[in-house]
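Undergrad: Pasting in a structure now, in structure tokens, and then I'll have a few things to ask.
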Amino acid sequence: MALMTGCGSKGGENGQVIVYNWGEYIDPDTITMFEEETGIEVVYDEFETNEIMYPKVESGAAEYDVVCPSDYMISKMIENDLLAELNFENIPNAKANIGEQYWEQSKDFDPENKYSVPYCWGTVGILYNKTMVDEPITSWAQLWDEKYADNILMQDSVRDAFMVAEKLNGFSMNTVDESELQIAKESLIEQKPLVQAYVIDQVRDKMIGNEAAIGVIYSGEAIYTQRENPDLEYVIPEEGTNVWINSWVVLKNAPNKENAEKFIDFMCRPDIALKNFEYITYSTPNDAARELIEDEEIKNSEIAFPDLSQYSNLETFVYLGEEGDALYNELWKEVKSY
């Protein structure tokens, strides 16, 4: 999506709202609809990772109202007093339409549900090409199988990469135990010669194009890739994985807090949440929107809406503190430079 400019303008007839979101993570039509219905101009900017977003927000280098971080990053932003408490009287669609289980999961990083509104959720798993593997893929361990050398895609993200190695070794993906992290680091170094590339969004196109046999991917991306290439299969590995939530938050220094809450409320409307789900294919926590899905196969998809009770060792990332972050980043540098 093209960046919408206008930070220096007065905005629409009712001002503006400045939104900072993941790339390709909203249906552009919903922004147009919001502007037309409210008279509020949307200034829109994008980021690729939580780690790119955070320092920009923390420094105040750019003024934003609404941001869409992941679970553990929301916890960090709360701890560092970067977020405003939400006035849910201005966001009635959130409590009315978002499923109770997502509010419960959000308590892992926003204990009183005061700062965030779930936008998308999903799992991290393995996407594999059925024509390029010898057997069904069921385990993270198969990402260490030498027969798939140069056919493996890993996430270029410190927490996601370490999550794979931690689950492989039977550890929590939130561990800060140095001995466990050293074992995970050594596993990643051992795997590195087999890895074709460390990627983020590129995993989608590479898997669609049959450029790799196996890739670590977010479930929402898996839905899209399967539409484009029916030879692709998605699995949650037997050792467990990350169940994540990305949520809307409002910054404490937001110049347009009231408009920010109007924007979030609009995104929680069932018809709007449905449009965004159909556009980005990431699972919606909006139960009312899910009821509107006409495609029964998607509505009951085990990828989009898995029964999490069928899996073990599922966790949500939590913020590990400054020392924990520093430790992970240092070990990740060692992996990448090896």
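Undergrad: If you take the residues of segment 211-225 that are open to solvent by 10 Å² or more (accessible area, probe 1.4 Å) and either over 12 Å from residue 282 (Cα atoms) or part of a strand (DSSP E or B) (or both), which of them is modelled with the highest pLDDT?
TA: Across segment 211-225, the extreme among qualifying residues is 211.
Undergrad: Which count do you get for residues in segment 51-71 that are crowded, with 23+ Cβ neighbours inside 10 Å and either on the phi > 0 side of the Ramachandran plot or not β-branched (Val, Ile, Thr) (or both)?
TA: Count: 6.
Undergrad: Quickly run through segment 281-327 and pick out the residues that are buried (at least 20 other Cβ atoms within 10 Å of the Cβ) and assigned to a helix (DSSP H, G or I).
TA: Listed by number, the residues that qualify are 289, 290.
Undergrad: Given the options 289, 326, name the one that is modelled with pLDDT of 95 or more and under 26 Å from residue 95 (Cβ atoms).
TA: Details: 326 fails: under 26 Å from residue 95 (Cβ atoms).
Only one candidate qualifies: 289.
Undergrad: Return the pairs, sorted by first residue and then second, in which the second residue is among the aliphatic types (A, V, I, L, M) and at pLDDT 95 or above, the first residue lies in segment 280-298 and is closer than 19 Å to residue 102 by Cβ, the beta carbons are less than 6 Å apart, and the residues are 6+ apart or on different chains.
TA: What qualifies is 283/304; 284/273; 285/98; 286/98; 286/273; 289/273; 289/274; 292/274.
Undergrad: Cβ-Cβ under 7 Å, sequence separation 6+ or interchain: first residue in segment 174-185 and more than 16 Å from residue 159 (Cβ to Cβ), partner assigned to a loop (DSSP other than H, G, I, E, B). Which pairs?
TA: Sorted first by the residue in segment 174-185, then by its partner, the pairs are 183/169.
Undergrad: Among all residue pairs at least 6 apart or on different chains, which show Cβ distances below 7 Å where the first residue, located in segment 233-245, is on the phi > 0 side of the Ramachandran plot and the second is surrounded by 22 or more Cβ atoms within 10 Å (Cβ to Cβ)?
TA: Here the result reads 240/167, each pair linking segment 233-245 to a residue that is surrounded by 22 or more Cβ atoms within 10 Å (Cβ to Cβ).
Undergrad: Across segment 77-124, what is the number of residues that are out of contact with any strand residue (DSSP E or B) (no Cβ under 7 Å at 6 or more places or on another chain) and either surrounded by 21 or more Cβ atoms within 10 Å (Cβ to Cβ) or aromatic (Phe, Trp, Tyr) (or both)?
TA: 3
The values are calculated or read from the model by the stated rules, or taken from the named source; none is laboratory data. Being a predicted model, the structure only gives us computed values, none of them experimental. Counting neighbours? That spans all protein chains shown, and the Cβs are built from the backbone with ideal geometry, glycine included. In case anyone asks, the SASA skips ligands and DNA or RNA and just uses the protein heavy atoms, side chains included. Shrake-Rupley method; radii C 1.70, N 1.55, O 1.52, S 1.80 Å.
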